[in-house]
Amino acid sequence: MKIALAGKPGCGRSTLFRALAGSPNADSGKPLTVKVPDHRLDFLESIHNPLKNTHATVVFFDVPTPSFSAKNLTLIRNAAVLTIVLDNYALGDTVNDFNDIESELILSDMSLCEKRLARLIKESKGKTREALLLGNLLKHMENGSPLRILELDKGEAAILAPYALLSLKPLIVVSNRMGDPVTPDEELSAAVSEHGGTLLAVDAGFELELTEIDESEQAPFLESMGYTSSGLSRLIRSSYSALDLIVFLTIGKDETRAWPIRKGSTALDAAGAIHSDLERGFIRAVVVPWELYHEHPDRTVLKEKGELRIEGRHYIVKDGDLIEIRFNV
């Protein structure tokens, strides 16, 4: 799933993209796949020393300037999550910038909905569920409100899925440099929250410089500067969370791995994420919650304690669960 980086000219969007790529010479014209930081997977690697340690990933792409032209709005429609970068270096009116961008997204959605509704009415389908839904959306957006703050049922979400509405997409707002160290801006935070988004304070220039430091030295350097984690780590984790994804973990001689699945997925879904054969021949899942495994990272000890849970196909997977699928094909 792709995450679009967009913003007004000079906001630091491309600098942030190059920081994510770990290179000042990164080609911003190509999608960038980035590993999702996960201390749990790092712990498993230190314990089991597998040949491979496979993280979950997200894909970023840099929307060219002008990000909100008609041509580039089409690019944004193909993204699963929208990340808006705001320039806070010049201490400008970031709230006004944010509202301007949201207005462009909402107006684009209104135009699309109006055209579709007019077509339905022309085809004598003006009282279908789709037409009534579009009418409600238009009333909502007339007040400058984005669609992401609406509560839609599964049926409504399915109707709207092909539209790829811009103001319905999960939103992350990056205020590029809010202070030293970076600190929240209450007015902007309130505006973003009101629009159903997540605000992150990230200094793109600092993050790009940080990539030039050896990875083992980054944590103590960040701490000395007053940061608890890098802005990039927070952005990547927030982007992943915005996709409504969790991970379950598997352990093997060759590989420890984080598997992404939708929140609310079942053990049967988890089996299918690994391989269709496991889903087809599913018998049961052996599950250990992460907190328990972190305390006792030994299956023999856990078995003796009776902590290896046997779950059926309808078990709802929790974030960080260690799962072994038993199957027979």
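So, in segment 63-90, exactly how many residues are small (Gly, Ala, Ser), surrounded by 14 or more Cβ atoms within 10 Å (Cβ to Cβ) and either touching a His at 6+ places or on another chain (Cβ under 7 Å) or within 14 Å of LYS8 (Cβ to Cβ) (or both)?
Step one: of segment 63-90, the residues small (Gly, Ala, Ser) are 67, 69-70, 79-80, 90.
If we keep only those that are surrounded by 14 or more Cβ atoms within 10 Å (Cβ to Cβ) as well, we get 67, 79-80.
Within this subset, residues satisfying the condition of being either touching a His at 6+ places or on another chain (Cβ under 7 Å) or within 14 Å of LYS8 (Cβ to Cβ) (or both) are 67.
Looking only at that region, the number is 1.
In segment 131-164, which residues are touching a residue at least 24 places away in the same chain (Cβ under 8 Å) and among the aliphatic types (A, V, I, L, M)?
Result: LEU133, LEU137, LEU138, MET141, LEU147, ILE149, ILE159, LEU160, ALA164.
Just wondering, is there one or more residues in segment 100-120 that are of a type in the set (S, T, N, Q), under 25 Å from GLU212 (Cα atoms) and out of contact with any Leu (no Cβ under 9 Å at 6 or more places or on another chain)?
Our first condition is that a residue be of a type in the set (S, T, N, Q); within segment 100-120, this holds for 103, 108, 111.
Next, from what is left, pick out any that are under 25 Å from GLU212 (Cα atoms): none.
Checked against the condition, which is being of a type in the set (S, T, N, Q), under 25 Å from GLU212 (Cα atoms) and out of contact with any Leu (no Cβ under 9 Å at 6 or more places or on another chain), segment 100-120 yields no hits at all.
What about ALA204, is it farther than 15 Å from PHE98 by Cβ, surrounded by 13 or more Cβ atoms within 10 Å (Cβ to Cβ) and touching a Ser or Thr at 6+ places or on another chain (Cβ under 6 Å)? If you could, list the steps in order and put the result at the bottom.
Values: farther than 15 Å from PHE98 by Cβ: yes; surrounded by 13 or more Cβ atoms within 10 Å (Cβ to Cβ): yes; touching a Ser or Thr at 6+ places or on another chain (Cβ under 6 Å): yes.
The answer is yes for ALA204.
Find the residue count for segment 221-243, including only residues that are exposed (fewer than 13 other Cβ atoms within 10 Å of the Cβ) and either touching a Leu at 6+ places or on another chain (Cβ under 8 Å) or at pLDDT 85 or above (or both).
1
Any idea how many residues of segment 94-151 are at pLDDT 95 or above, part of a helix (DSSP H, G or I) and among the hydroxyl-bearing types (Ser, Thr, Tyr)?
3
Among the numbered criteria (1) under 27 Å from ARG326 (Cα atoms); (2) touching a Phe, Trp or Tyr at 6+ places or on another chain (Cβ under 9 Å), which single criterion is violated by SER239?
Answer for SER239: the failing condition is (1).
Search segment 68-86 for residues being more than 26 Å from ARG262 (Cα to Cα) and of a type outside the set (Phe, Trp, Tyr), and hand back the single one that is nearest to the chain's Cα centre (by Cα). Don't jump to the end; show me each part of the working.
Step one: list which residues in segment 68-86 are more than 26 Å from ARG262 (Cα to Cα), which gives 68-73, 85-86.
Then keep just the ones that are of a type outside the set (Phe, Trp, Tyr); that gives 69-73, 85-86.
On the way: SER69: 24, ALA70: 24, LYS71: 24, ASN72: 20, LEU73: 19, VAL85: 15, LEU86: 18 Å.
The qualifying residue nearest to the chain's Cα centre (by Cα) is VAL85.
Just the residues that are more than 14 Å from LEU235 (Cα to Cα) and hydrophobic (A, V, I, L, M, F, W, C), please, taken from segment 36-64. If you could, list the steps in order and put the result at the bottom.
Start the filter on segment 36-64 by keeping residues that are more than 14 Å from LEU235 (Cα to Cα), which leaves 39-56, 62-64.
Residues satisfying the conditions are LEU41, PHE43, LEU44, ILE47, LEU51, ALA56, VAL63.
The values are calculated or read from the model by the stated rules, or taken from the named source; none is laboratory data. Quantities reported herein were computed from a predicted structural model and do not represent experimental measurements. Every residue, glycine as well, gets a Cβ built from its backbone with ideal geometry; the counts of neighbours run over all protein chains shown.
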